[in-house]
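Nothing in this text is a laboratory measurement; each read-out follows from the coordinates by a stated rule. Computed from a predicted structure; not experimentally measured.
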Amino acid sequence: MYTARYGASIRKMVDKAIKAKNTRYECPKCRKLKLARKGTGLWACRSCDATFAGAAYSFRSEAGEIAARLIGEYAKSS
Ligand SMILES: [Zn+2]
């Protein structure tokens, strides 16, 4: 298994990213827990074949959540 060298804090960050990368997420289209990472920022559903743009190592990042909320608010106000 892959391990980062030199430092406990760096190892913790890598462990967290790898765990998030290998987790299956809920597909926004068919609601099944079948969303798997296809490449950096690419998430594909193993059930309905839909592909989504997400964060590099998890389907949603904190910055992505904020951006999605701002886009939603802007779409509502215009
Ligand atoms: Zn799906």
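The lysines within cross-link reach of Lys19, meaning a Cα-to-Cα straight distance under 23 Å and a gap of 8 or more places when in the same chain, are Lys32, Lys34, Lys38.
Across the chain, the relative contact order, built from alpha-carbon pairs under 8 Å that are at least six residues apart, equals 18 percent.
Rounded to the nearest 500, the 222 nm mean residue ellipticity of the chain from helices alone is -13000 deg cm²/dmol, with -39,500 (n - 2.57) taken per DSSP H run of at least 4 residues. Within a straight-line Cα-Cα reach of under 25 Å, Lys76 can be paired with the following lysines, leaving aside sequence neighbours fewer than 8 residues apart in one chain: Lys29. State log₁₀ I(q)/I(0) for the chain at q = 0.12, 0.13, 0.15, 0.19 Å⁻¹ as given by the Debye formula over alpha-carbon point scatterers of equal weight, solvent excluded. Reported log10 I(q)/I(0), two decimals: -0.44, -0.50, -0.63, -0.86.
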